[in-house]
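Here the structure is laid out as structure tokens; the discussion comes afterwards.
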Amino acid sequence: MLNRLTIAALLKTVVLATASFLVLVFALNAWDCGQRLKSTNRIAVIADASASLFMAMNNLRSDRSTTSRLLNSDSPVDSEIDKYLRNIRDTEMPAMGNALGLLPSIEFTERAALVPELDDYLRPGEAVERFARVPQARVVGVDRAKHLWVGETYVRIVLNEIVRLLNPAAWPLPAEWKDST
């Protein structure tokens, strides 16, 4: 068998093996680049949605406080304040619409909306209906929690839920600190 092995056959085998190896390496690198691109695109979408939501929330806060103050006031609405409110509303609505358009496309393995049971504005039952627009969202009602997560117990519950979703290896957070000194 060895006396039939020629230099040409040996070279062809080496070239074929080297070419196969290089194709495999390039394919694996291309797949890795595709995964990184997918991850980068996901981060970009999340950043866009976050930017839109924060813009809308800031404007909603300004709109809400100014409107409340004006409604409780006896004086008529000044044209400058009216212009200010219209500008805020013209900014907040497109930002909110952009964020709501992006939310369904964001891929999370597990999306959770933590809703306090005793919230002033949105209770867990109502939240299920409102979050129906984002079908991947899972509403988690937090028993006895109040609006704005008042109280250390409820802040700890929220932080533990965030850690459970983002870094399960670190969950649950320690409830006590042990002094090492």
Identify the residue in the stretch 10-68 that is closer than 30 Å to R86 by Cβ, loosely packed, with under 14 Cβ neighbours inside 10 Å and not small (G, A, S) and, among all such residues, is nearest to the chain's Cα centre (by Cα).
F54
Here are some residues: V25, V45. Which one is assigned to a helix (DSSP H, G or I), within 27 Å of L103 (Cβ to Cβ) and of a type outside the set (G, A, S)?
V45
Applying the selection to the stretch 109-119, what residues are in a loop (DSSP other than H, G, I, E, B) and at pLDDT 80 or above?
D119
Whichever residue in the stretch 129-147 is part of a helix (DSSP H, G or I) and in contact (Cβ under 8 Å) with a residue 24 or more places away in the chain and, among such residues, is nearest to the chain's Cα centre (by Cα):
R133
Every pair of residues 6+ apart whose Cβ atoms lie under 6 Å, when the first sits in the stretch 71-90 and is under 15 Å from M55 (Cα atoms) while the second is of a type in the set (D, E, K, R)
I88/D63
Please indicate, with yes or no, whether at least one residue in the stretch 158-166 is at positive phi, charged (D, E, K, R) and either touching a helix residue (DSSP H, G or I) at 6+ places or on another chain (Cβ under 9 Å) or assigned to a helix (DSSP H, G or I) (or both).
no
In the stretch 127-162, anything among the charged types (D, E, K, R) and under 23 Å from A99 (Cβ atoms) is listed as E129, R130, R133, R138, E161
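The values are calculated or read from the model by the stated rules, or taken from the named source; none is laboratory data. Just so it is clear, the structure is predicted and the values come from calculations on it, not from any experiment. Reconstructed Cβ throughout: ideal geometry from the backbone, glycine too, with neighbour counts over all protein chains shown.
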